[in-house]
Amino acid sequence: MACGRPRPPLCNVQADVSSPGSVSPSIVRVIAACILQLRAATSLALCILPLLVATSLAACILPLLVATFILHAPPTCSAQVVINEVLYDPDGSDSGHEFVELMNCGASGVLLTGWVLETGNGASPDDWTVEWIGGDLDYLDPGAIFLIGESDVVPAPDYETPLDLQNGPDAVRLTDGSNVMDLVGWGEPLFQGYYEGSPAEDAASGNSLARIPDCYDHDANDLDFSPSVPTPGYRNALEHDLSIRILHTGRVILETDDPVRIECRIENVGSVPVEAGSALLRLFVDALSLPAAAEIVNEDLAPRDTLMMSLIWNSPSAGYHTARVALDHGEDDNTDDNTAVTSFTVGRAGGLVALNEIMHSPADGATEWLELVSVSGETLNLAGWMIGDDTDASVITPVSPGVTILLPPDGFIVVARDPELVVTTVPVVDSEHWEALSVNDHVALLDEFGTPIDIVVYSKNWGGEKGISLERVRPEMPSGDANNWGGCVAPEGGTPGRTNSIHIARLPSDGRLTVSPNPFTPDGDGRDDRTVIHFDIPVARATIRLTVFDLKGRVRAVLKDLVATSGRHELIWNGTDDNDTTLPSGLYVLLLEAIDARAGVIVRAKAAVALVR
């Protein structure tokens, strides 16, 4: 109900004039009740004035009435009592635990004598059952709660009675005996007359429907009520409570050169307004103790108001990152909802866990599976992580419920369509809804927030066939490089939970340009078909050109011509020239040039590699 809605008299009892000069018991009760409401001067006048005409009490009551008007100016808003919380489907058996909570949201006390609480049967129109009638001494102070409930409700109700509350569609109605003062309906479909605006969402078992914050009332049940943890006899919301939520960017790999923008949604879930400038929003990236960004909450927030804010990290580094947003509000009564976490990937996926082997075409009687390998150097909890394709994903689940999925450093985990059919010594897990694999497919590994950890878009030309898995040469190298993949050459056709059969180990480097294995044999047998070229860049930013020459000085292939940052890099060469034709056996020279636009060529390194067919 809106605060300014007209109210009927709180006391609606006619004077007993059958015996002039006498006072009937009903009049005595009315006067006593009205005296309890000295702050409600308007209601007091409406109750007492009819009695002054019919009784000899005028001389006694008039001074009291005058004093009341002098001492207590009429409030700007008449008292309002609302249905503040309803529990109709407790956990377990409903019997003994149902309740309805009334709250006085006005500035004046209210006498509930003659008020009626009814439950509505949503299966038929206008079918109401009386559950409670207010007694002579049922009175609500401003901000007070009146609890009507069954015998096992804790704390003990102000009025104990069996209730006939049902799951939606259903309703509860509060009247003053003749006028509807509040109405709450839930569930669909629901007949007209059982709700205000639109029905509230049907709460799950164990949850109540509650106004959050208390007294929040816009004459629309779907807006005013939310499923909540039951709080019988207590406020549904704290006075000071700001909450923060991060709007995740989804399956987006952010550009390396762009600032990272974290979008946040702040909501005042407390019952009092929050002033502009009284809260601070900070962004922490990874395990750093100093914030990467901070912003002051610069707008007033009334209860239930929301505010969108952005925090910007201007100098992101490439790779996978975690982000924690902290909302600092000195008066906050609940700090549990003042932090939120998410993740994001800059540059390209990888560097944490790699999709290392794919069995997309199993032999008859076998099953599809994926192998994950850790490349982070730390133990990872994969709870909530997902496997999917370019549109859908499902959560990785342990075969035995309740088991934590841990991936140790350099360790393996296999995700299988039918875990019982995979022979391996490492853990094998399931997924909620397995997406069938094909010879040309898109496989995505996502963390619990939906951030890409690794993505492989492969084709049948990459390798693998019926009964033979598709293996990764080096998990640290890009997953989108076709040269980094090939068919398994192990006799069993797959190596789930073991080092891949075509894996090339990284050898220690003693210079700026090294090659391993050397020699290599790109003859298609799956063994040493590729070589890994390692090189170091000693400047912050340079254009890299890596060229292959034969011994006559002719250019046979340009392997790289791109912008790279400083540090160590590597790429895979499969022995082909610029026309994708495998070069003949022989000795070849690799020339590395790092070119700075201002300084010219600043690094030049050579290495010889033997190609044997």
Fill in the blank from the handout: Exception for Trp573 within (1) surrounded by 16 or more Cβ atoms within 10 Å (Cβ to Cβ); (2) farther than 20 Å from Met477 by Cβ; (3) modelled with pLDDT under 90 falls at (2)
Exercise for the section: Select from segment 521-550 the residues that are at pLDDT 85 or above and farther than 23 Å from Ile504 by Cα and write down the one among them that is least open to solvent (accessible area, probe 1.4 Å). Expected result: Asp550
Fill in the blank from the handout: Taking segment 371-381 and the residues there that are more than 11 Å from Gly494 (Cβ to Cβ) and touching a residue at least 40 places away in the same chain (Cβ under 8 Å), the one that is surrounded by the most Cβ atoms within 10 Å (Cβ to Cβ) would be Leu372
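When you scan segment 458-523 for strands (runs of 3 or more DSSP E) that lie fully inside it, which ones turn up with 3 or more residues that are not small (Gly, Ala, Ser)? Write out each step before concluding.
Numbers: elements: 470-472, 485-487, 513-516.
Because the criterion is at least 3 residues that are not small (Gly, Ala, Ser), the strands (runs of 3 or more DSSP E) in segment 458-523 that meet it are 470-472, 513-516.
Could you check segment 428-446 and list, in sequence order, the residues that are acidic (Asp, Glu) and either part of a loop (DSSP other than H, G, I, E, B) or open to solvent by less than 30 Å² (accessible area, probe 1.4 Å) (or both)?
Kept after step one, since they are acidic (Asp, Glu), are these residues of segment 428-446: 430, 432, 435, 441.
The answer is Glu432, Glu435.
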Handout entry: Candidates Val154, Val100, filtered to the one that is in contact with a strand residue (DSSP E or B) (Cβ under 6 Å, 6 or more places away or on another chain) and either within 17 Å of Glu85 (Cα to Cα) or surrounded by fewer than 19 Cβ atoms within 10 Å (Cβ to Cβ) (or both)
Key = Val100
Practice task
Restricting attention to segment 245-268, report how many residues are assigned to a loop (DSSP other than H, G, I, E, B) and open to solvent by less than 40 Å² (accessible area, probe 1.4 Å).
Solution key: 1
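So is Lys560 of a type outside the set (Gly, Ala, Ser), modelled with pLDDT under 85 and part of a loop (DSSP other than H, G, I, E, B) or not? First the steps, then the outcome.
Values: of a type outside the set (Gly, Ala, Ser): yes; modelled with pLDDT under 85: yes; part of a loop (DSSP other than H, G, I, E, B): no.
The answer is no for Lys560.
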Practice task
Considering every residue within segment 245-254, establish whether at least one is touching a Pro at 6+ places or on another chain (Cβ under 6 Å) and either at positive phi or without any contact (Cβ under 8 Å) to a residue 40 or more places away in the chain (or both).
Solution key: no
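Looking at this structure, is Ser124 surrounded by fewer than 19 Cβ atoms within 10 Å (Cβ to Cβ) and either in contact with a helix residue (DSSP H, G or I) (Cβ under 8 Å, 6 or more places away or on another chain) or at negative phi (or both)?
Working: surrounded by fewer than 19 Cβ atoms within 10 Å (Cβ to Cβ): yes; either in contact with a helix residue (DSSP H, G or I) (Cβ under 8 Å, 6 or more places away or on another chain) or at negative phi (or both): yes.
So Ser124 fits the description; yes.
The values are calculated or read from the model by the stated rules, or taken from the named source; none is laboratory data. Since the model is a prediction, treat every value here as computed from it, not as a measurement. When we count neighbours, we look across all protein chains shown, and the Cβ atoms used for this are built from the backbone with ideal geometry, even at glycine. Just the protein is used for accessible areas: all its heavy atoms, side chains included, with ligands, DNA and RNA removed. Shrake-Rupley method; radii C 1.70, N 1.55, O 1.52, S 1.80 Å.
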